[in-house]
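Step one of this worksheet: look at the structure below.
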Amino acid sequence: MQKRVVILLLDSFGIGASEDAKDFGDLGANTLGNIAKACFNNLADSNDRNGALKLPYLESLGLGLSALKATNELPLGFQSQPNLIGAYAYAKELSSAKDTISGHWEMMGAPVLFEWGYFKDKSDSFPKEILDEIVHKTKIKGYLGNCHASGTEIIKDLGEKHLETLYPIFYTSADSVFQIAAHEEKFGLDNLYALCEEVFQILEPLKIARVIARPFAGANREDFRRTAKRKDYAIKPHKKLLFETFIEEKQGEVISIGKIADIYAHVGITQKFKAGSLMELCDVTLEQVKNAKNNSLIFTNFVHFDSDYGHRRDISGYANALEYFDARLKEVLENLRENDLLILCADHGCDPSFKGTDHTREYIPVLFYHKDLQPAFLGKSESFADIGQSIAYFLGLSPLDYGKNLLNFKGQP
């Protein structure tokens with residue numbers, strides 16, 4: 001029997017602080033719950049949306065009930081007895097961090113049980129010897145930034161000086177990351193990518209998870225904006241991924257949409273599609289759901305929930321994007337094939353109502369839909385790897401080293 005798996009990952013869509021959130025300074029974080037609360041109290045009204053958060057298709061897959069199980073509170077405005085068509089769980093993260101790579105790797109069988117390298121100082125963030133090596137090896141004349149910063153704010157603050165000097169802008173965050181912003185035309189996209197590749201090689205021994213190219217456009221502070229040509233340079237996963245097993249054992253296709261390929265350092269990816277906006281990500285995903293051959297795994301990361309709304313602490317924008325996604329989810333459900341398994345999940349939290357601008361340590365929703373799957377609560381997962389293990393079971397693959405299968409189809413004991 002030919003099967004397909006469709007994974008829709010809403011980047012940063014946590015459903016409540018996990019039991020170890022205190023260790024990360026994230027007690028009280030609840031991405032879904034606090035967005036729903038703001039919407040219910042008309043605090044997220046805008047020209048684009050108003051009133052309670054309306055996510056009927058996500059609710060039918062068990063989103064609200066998953067959040068209820070995780071936090072003992074139903075998100076405000078959600079139904080306690082929705083017309084449930086999906087099976088649902090919630091998961092805590094086993095990995096030692098709350099970043100994108102750790103969450104993604106864990107769900108495909110490679111939890112991060114070691115410590116990433118970090119640049120913890122808020123200013124003068126990067127060691128002088130590292131900066132000197134970058135200048136020497138890349139031949140740049142200088143650099144700007146060297147601090148923790150919001151990516152959108154730092155290009156406003158330093159973009160004009162960058163245009164004057166053509167010095168790249170270096171910055172980081174609470175994540176294991178070195179980000180480089182440069183003007184797409186004046187500095188040059190190819191030059192930015194080449195610089196990031198060299199910096200990645202310099203930093204690899206320090207276990208810095210990612211170097212990210214952050215091109216921007218515009219002529220002045222009021223006009224500067226990121227472009228869609230971001231590129232991530234990531235360390236290769238330390239363990240074999242579900243993708244690789246699928247290719248080896250079933251000659252499967254692994255289709256990356258958005259930044260999935262970059263997150264996994266292109267390991268086990270057979271096809272990749274980029275998209276610049278939430279609408280484009282939905283369009284490309286729907287196209288692949290309609291057209292991808294059987295024996296395929298389609299995996300989309302919907303990055304804008306995190307980058308445009310979570311980090312920017314934009315509650316109304318996050319709510320509006322969720323409602324748009326939910327409307328497009330209807331189209332995905334309508335185009336699934338007989339033996340498709342649909343999974344919706346997240347990789348961490350990024351509560352737009354919370355202090356600061358960083359990710360938040362939260363439980364994630366794990367929602368499944370298949371025509372032969374009983375609508376039911378599947379329990380609490382102690383690792384995101386339960387997602388990958390469930391996929392391995394569904395596809396008839398060798399088990400992963402981490403995680404347990406959550407699925408029980410109709411007719412099974």
| query | Which of (1) out of contact with any Gly (no Cβ under 9 Å at 6 or more places or on another chain); (2) touching a residue at least 24 places away in the same chain (Cβ under 8 Å); (3) closer than 14 Å to Ile101 by Cβ is the odd one out, the single condition Ile269 does not satisfy? | reply | (3)
| field | Test for Ser125: is it surrounded by fewer than 18 Cβ atoms within 10 Å (Cβ to Cβ) and part of a loop (DSSP other than H, G, I, E, B) | value | no
| Would a scan of the stretch 354-363 turn up a residue that is among the charged types (D, E, K, R) and in a strand (DSSP E or B)? | yes
| task | Return the total of residues in the stretch 16-48 being within 21 Å of Glu323 (Cα to Cα) and either among the hydroxyl-bearing types (Ser, Thr, Tyr) or not assigned by TED's automatic domain parsing to the domain that holds Cys350 (or both). | result | 2
| Of the numbered conditions (1) at pLDDT below 95; (2) touching a strand residue (DSSP E or B) at 6+ places or on another chain (Cβ under 7 Å), Ala217 satisfies every one except a single condition; which is it? | (1)
| Residues in the stretch 159-167: is at least one part of a loop (DSSP other than H, G, I, E, B) and farther than 30 Å from Lys404 by Cα? | yes
| query | Taking the stretch 1-54 as the search range and keeping residues that are more than 15 Å from Ala70 (Cα to Cα) and of a type in the set (S, T, N, Q), which one is modelled with the lowest pLDDT? | reply | Gln2
| query | Of the numbered conditions (1) crowded, with 18+ Cβ neighbours inside 10 Å; (2) more than 23 Å from Leu65 (Cβ to Cβ), Ser390 satisfies every one except a single condition; which is it? | reply | (2)
| task | Would you point out the residue of the stretch 325-341, among those that are in a helix (DSSP H, G or I) and of a type outside the set (D, E, K, R), that is nearest to Gly86 (Cα to Cα)? | result | Leu333
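The values are calculated or read from the model by the stated rules, or taken from the named source; none is laboratory data. Note that the structure is a prediction, hence the values are computed from the model and not measured. FYI the Cβ positions are ideal-geometry reconstructions off the backbone, even for glycines, and counts take in every protein chain you see.
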